[in-house]
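Each value in this text was obtained by applying a stated rule to the coordinates, not by laboratory testing. Quantities reported herein were computed from a predicted structural model and do not represent experimental measurements. So basically every Cβ, Gly included, is an ideal-geometry build from the backbone, and we count neighbours across all protein chains shown.
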Amino acid sequence: MRHWRWAVLVALTACLAGCATLGERETAASRAALRFADSVRQADGPRACAALAPETRQELEQSAESPCPEALLQEDLTYDGRVRSVQVYGQQARVVLDTDTLFLSRFPTGWRITAAGCEPRPQRPYQCQVKGG
């Protein structure tokens with residue numbers, strides 16, 4: 001009987017630790033998305049570009065044929081409002097804001113934007129203005 005109680009206690013502790021970790025990851029992804037949105041809203045191209053994943057930044061610069069800060073601000077992304085929902089799936093996240101949906105990936109340095117300016121399309125993948133290759 002004593003071993004059974006110990007096993008339940010260990011299982012509950014593991015579950016609570018896992019749940020807290022998920023909440024922390026959602027909060028971190030949400031904060032990264034809001035920092036990016038705030039940077040774009042303030043027309044702070046260098047800060048907004050620092051929030052992009054390396055492939056996304058590279059793709060943006062190549063397609064626009066200009067440096068990231070210039071290219072990103074030319075995309076005319078609009079950010080207002082708040083976070084409506086956050087879903088984290090392993091090292092990937094989707095943050096839905098009032099005016100946009102952002103996709104992020106977890107890097108050793110933190111969450112980075114992999115796609116922005118994304119519109120849902122019925123029965124098809126999102127269409128994103130800014131995305132990696």
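Using θ = phi - 60° in the Karplus curve 6.51 cos²θ - 1.76 cosθ + 1.60, the 3J(HN,Hα) couplings for segment 76-81 round to 6, 6, 10, 10, 8, x Hz; x is entered for Gly and Pro. Counted by neighbouring Cβ atoms within 10 Å, the residues 126, 79 run from fewest to most as 126, 79.
Applying both filters, DSSP loop and at most 11 other Cβ atoms within 10 Å, to the GluC sites (Glu not before Pro) of segment 18-111 gives 65. Annotation: amide H of residue 118 within the under-5 Å range of 101, 129, sequence separation 5 or more or interchain, hydrogens built in the peptide plane.
Rank these for me by crowding, 101, 114, 27, 109, going from fewest to most other beta carbons within 10 Å.
109, 27, 101, 114
Under the rule a/c < 1.5 gives rounded, and otherwise a/b versus b/c splits prolate from oblate, where does segment 23-128 land using the Cα gyration tensor? Let's see the in-between values first.
Numbers: a/c = 1.42, a/b = 1.30, b/c = 1.09.
Taking the square roots of the gyration eigenvalues as a ≥ b ≥ c, segment 23-128 is rounded.
Each residue of segment 35-42 is assigned a 3J(HN,Hα), and the resulting list reads 5, 4, 4, 5, 4, 5, 4, 8 Hz, derived from the Karplus form 6.51 cos²θ - 1.76 cosθ + 1.60 (θ = phi - 60°), x at Gly and Pro.
Among 38, 100, which comes first, second and so on when ranked by fewest other beta-carbon atoms within 10 Å?
Numbers: 38 14, 100 22.
Ranked by crowding around the Cβ, least crowded first: 38, 100.
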